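Everything below concerns the one structure shown next.
The values are calculated or read from the model by the stated rules, or taken from the named source; none is laboratory data. These numbers come from a predicted model, not from an experiment. Here Cβ is always computed from backbone atoms with ideal geometry, including for glycine, and neighbour counts include all displayed protein chains. Only protein heavy atoms, including side chains, enter the accessible area calculation; ligands, DNA and RNA are left aside. Shrake-Rupley method; radii C 1.70, N 1.55, O 1.52, S 1.80 Å.
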There are 2 protein chains.
Amino acid sequence: MTVSKTAEKSGDAAKGRKDVGDAQIHGHAEALQLGELSEQLGYVLKRAQLKVFENFIRCMASLQLTPAQFSVLLLVEKNPGRNQTEVASTLGILRPNFVALLDNLESRDLCARIRSTNDRRSHILVLTDKGKAVLSRAKKLVATKHESRLNELLEPANREALLQMLSKIANEF
Amino acid sequence: MTVSKTAEKSGDAAKGRKDVGDAQIHGHAEALQLGELSEQLGYVLKRAQLKVFENFIRCMASLQLTPAQFSVLLLVEKNPGRNQTEVASTLGILRPNFVALLDNLESRDLCARIRSTNDRRSHILVLTDKGKAVLSRAKKLVATKHESRLNELLEPANREALLQMLSKIANEF
DNA sequence: TGATAATTGTTATGGACCATATCAAATATC
DNA sequence: GATATTTGATATGGTCCATAACAATTATCA
């Protein structure tokens, strides 16, 4: 047995466990009451985030771009010539974990590492022509398939308010 | 070398890489421009979610409850007598992954599995007395340390609107 | 009824993501 | 010029998420 490390192993599966009848005698599994859970910001926030990412990934299936990869391309396009440490830290990605991410983008010829002549330790990041083209197509996909879906759900004004509140939480919490 | 599995290994680290000078000759690392990134709902959503969870975990440090554990306790309190499959699926947790989570709560005597007499395959879940007491304290911590912090940031009306929009996204996207 | 299918909790396992320590090369500091 | 710091990289371990498989039990239905 190899219980998860956080879970102190609780002895062999079914040691002294009482038996009892439940109210669902052939009852047809009514949905559970969420109760206070639906008021927990963290809970709702996470569920919403998962849904948005899920949809994003579906929309990007043809380009095979994950949210993280898309964010790197966007950031490098906007800030060409920055090094890995700068780009990674801006995205909240730790340098060691950024290496494989970049390896992937570089191997697909979307992004290039160029050794800086000013500081030969660092790698300057730029988009390749193909990277720019793919990012352009990605933006269109996001607009037409992803954002559009969201606009059906939320009023434009509300969408803006939502973004603003989330930014506030992300930056000041 | 063991590059991440998603990243096709791109050959040995620094193969043909050009050199080039950047604009930051002894420049003091100005912050990068987020650009369109700050308008990407998914990006902002994720950053906000991480911040909220981070704060939640800090607030719960004395009780050692993660967001997932807290959600299980809340749900079992509201719906005593349901089995693992029902509780797990309501929370979007896959049954196999729910086992270790429950092992942990049960080993800490916060929650109990009871074999149902109606269907001897299933385990009925209930909170122990200690579980109820701990959950009660947890709720107070959330209210006084977590939610309060949020209320400083957002107007009450805005907080309600935020929750409503997130729920809409979580449920209808 | 009895053979077969489905369900429940569980284990095993692998992938993705995140975090820390460490290293060589290059640069900064003093 | 000796020492400390920074950069990209590797190794490694933890946590979370997803799938396959299994035994015990229950449902289905011929």
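Worth a mention:
- Fully extended contour minus Cα-Cα distance, from B:S89 to B:E160, at 0.36 nm per residue: 22.9 nm
- FRET E, pair B:E152, A:A100, Förster distance 35 Å, beta-carbon r, rounded to 0.05: 0.35
- With a Förster radius of 35 Å applied to the C-beta separation of A:K140 and B:R121, the computed FRET efficiency comes to 0.10.
- Shielding value for A:135-142 is 1, the average number of Cβ atoms from other chains within 10 Å of each residue's Cβ.
- Per-residue SASA remark: B:M60, around 0 Å² accessible (1.4 Å probe; ligands, DNA and RNA not included).
- For the segment B:119-128, counting C-beta atoms of other chains within 10 Å of every residue's C-beta and taking the mean gives 2.
- For residues of A:30-39, the mean tally of beta carbons on other chains within 10 Å: 6
- Gain on full stretching of the segment that runs from A:E54 to A:E30 - 0.36 nm per residue minus C-alpha separation: 5.9 nm
- Pairs beyond 19 Å (Cα-Cα), from B:K78/B:K130; A:K78/A:K140; A:K46/B:K46; A:K46/B:K51; A:K140/B:K46; A:K51/A:K132: A:K140/B:K46; A:K51/A:K132
- Surface calculation, 1.4 Å probe, protein heavy atoms: A:I57 sits at approximately 90 Å² accessible.
- Buried accessible area, chains B and A (both chains, 1.4 Å probe, Å² to nearest 100): 8400 Å²
- Cα-projected label distance for B:K168 with B:L63, points at 7 Å along beta-carbon direction, nm: 3.1 nm
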